[in-house]
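Enquirer: First the structure, then my questions, so here it is.
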Amino acid sequence: MARAPFLRALFRTHLWLSARLMPALIGRRDFETVLKWAPLDAPTPYRGLPSAYIVTRVNRTVRHPWLMRDRRCLREGLLGFRFLRMAGFDPELRFGVDSKSMHAPRLSAHCWVCLDGKPVVSDSLPGMVEIYRHHADAAKARAA
């Protein structure tokens, strides 16, 4: 288990850098480009780290956003999905819209990450209608 402290330190550094660079790298890009930050096929350098540890570290890393304040759930969701995949887990990145905002000048959207069907990073908000699931298994990745 001598590798565990090094693996955790490497993970925390990688997560911290990714969280700081993400606003500049995804900016106001289109949805397809943003989803590249949530790779379906990813190497698994962090295999062996527990999902609870990953989720806790993601939440701690993004708790005080300087940038992307208006898209906080997107930042949390992308990082959570990305690092859970890199640890060998099979998460789903789900997107929804608030049905009440459909006719508003600005659409209200939200995203969250589920692992084994349970939300682990954020959660669906009341009034949200799920519109897309980003998942490696084509049978599970479906529009709702």
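The values are calculated or read from the model by the stated rules, or taken from the named source; none is laboratory data. On a predicted model such as this, the values are computed, not experimentally measured, just so you know. Counting neighbours? That spans all protein chains shown, and the Cβs are built from the backbone with ideal geometry, glycine included.
Enquirer: Specify the residue that is nearest to TYR132 (Cα to Cα); the eligible residues are those in the range 8-19 that are surrounded by fewer than 16 Cβ atoms within 10 Å (Cβ to Cβ) and in contact with a Phe, Trp or Tyr (Cβ under 9 Å, 6 or more places away or on another chain).
Expert: Restricting attention to the range 8-19, the residues satisfying the condition of being surrounded by fewer than 16 Cβ atoms within 10 Å (Cβ to Cβ) are 8-10, 12-14, 16-17.
Restricting the remaining residues to those that are in contact with a Phe, Trp or Tyr (Cβ under 9 Å, 6 or more places away or on another chain) gives 8, 10, 14.
On the way: ARG8: 32, LEU10: 32, HIS14: 28 Å.
If we take residues in the range 8-19 being surrounded by fewer than 16 Cβ atoms within 10 Å (Cβ to Cβ) and in contact with a Phe, Trp or Tyr (Cβ under 9 Å, 6 or more places away or on another chain), then HIS14 is nearest to TYR132 (Cα to Cα).
Enquirer: While we're here: LEU40: under 21 Å from ALA136 (Cα atoms) and touching a Phe, Trp or Tyr at 6+ places or on another chain (Cβ under 9 Å), yes or no?
Expert: no
Enquirer: Of all residues in the range 13-28, which are at pLDDT below 85 and of a type in the set (D, E, K, R)?
Expert: Once the filter is applied, which keeps residues that are at pLDDT below 85 and of a type in the set (D, E, K, R), the range 13-28 yields only ARG28.
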